[in-house]
1. Taking the range 111-122, which residues are surrounded by 10 or more Cβ atoms within 10 Å (Cβ to Cβ) and closer than 19 Å to LEU92 by Cβ?
2. Starting from residues that are within 19 Å of TRP80 (Cα to Cα) and part of a strand (DSSP E or B), keep the ones in the range 117-141 and report whichever is farthest from the ligand (Cβ to nearest atom).
3. List the strands (runs of 3 or more DSSP E) inside the range 1-107, counting only whole elements, that have at least 3 residues being touching a Phe, Trp or Tyr at 6+ places or on another chain (Cβ under 6 Å) and at pLDDT 90 or above.
4. Can you confirm whether the range 149-157 contains a residue that is in a loop (DSSP other than H, G, I, E, B) and within 10 Å of the ligand (Cβ to nearest atom)?
5. Taking the range 80-109 on its own, how many of its residues are more than 12 Å from the ligand (Cβ to nearest atom), surrounded by fewer than 16 Cβ atoms within 10 Å (Cβ to Cβ) and not aliphatic (A, V, I, L, M)?
Amino acid sequence: MTSTVRTTLLAMPLPRPTSPPLPPVADGPGLEHEAHPSAVARALAAQRGLWAKHVRFDPAAPYEVTVYDDGRHEVVLGAWLPGQVSSAHEHLGRPGAVLVLQGALQETTWHVVTDGPEPGRRHALRRAIEVDEVRSHGSVHVHALANTGVDPALALHVRSRG
Ligand SMILES: [Fe+2]
């Protein structure tokens, strides 16, 4: 493929993400309905056939697509090119977990400082999430994910519905 063709393909609008038909739990990943988000992330990561076919990279922004939803847990596959950063977002009432499948992802979380000279100030904390590491979060969580590496990054983000 010549560089001209490649440039043209990258400039084409990407298809809107579509969710595949989602299997019922009994026929799906074999998840317990009350499974912890981190266990759901591990189970889905091991079932590559469920998510690998949905991997896309969008030069304009991190790509996200729901790859599983059983009504209790929604699992979103995220794909970041080097340097891309997802928008900061809240998970009010939705505990979850992030499992990095490949690449170098850094999570930024924001916490409200309750003491010291500036109580109420938001403090940002940045931490790398290693490949195969699961980072769980509670029902009150504000974060953003960034690809700080030189290769594309992938992660599964489980969002529970309470
Ligand atoms: Fe999130």
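The values are calculated or read from the model by the stated rules, or taken from the named source; none is laboratory data. What you see is a predicted model; the values in this text were computed from it and never measured. Backbone-built Cβ (ideal geometry, glycine too); neighbour counts: all protein chains shown.
1. HIS111, VAL112, ARG122
2. So the first thing to find is which residues in the range 117-141 are within 19 Å of TRP80 (Cα to Cα), and the list is 126-135.
Cutting the leftovers down to part of a strand (DSSP E or B) gives us 126-129, 131, 134-135.
Working: ARG126: 15, ARG127: 14, ALA128: 16, ILE129: 12, VAL131: 18, VAL134: 13, ARG135: 10 Å.
Per the criteria, the residue is VAL131.
3. Values: elements: 63-69, 73-80, 96-102.
Those strands (runs of 3 or more DSSP E) span 73-80.
4. Our first condition is that a residue be in a loop (DSSP other than H, G, I, E, B); within the range 149-157, this holds for 149-152.
Next cut, within 10 Å of the ligand (Cβ to nearest atom) only: none.
Within the range 149-157, not a single residue is in a loop (DSSP other than H, G, I, E, B) and within 10 Å of the ligand (Cβ to nearest atom).
5. Of the residues in that region, 4 qualify.
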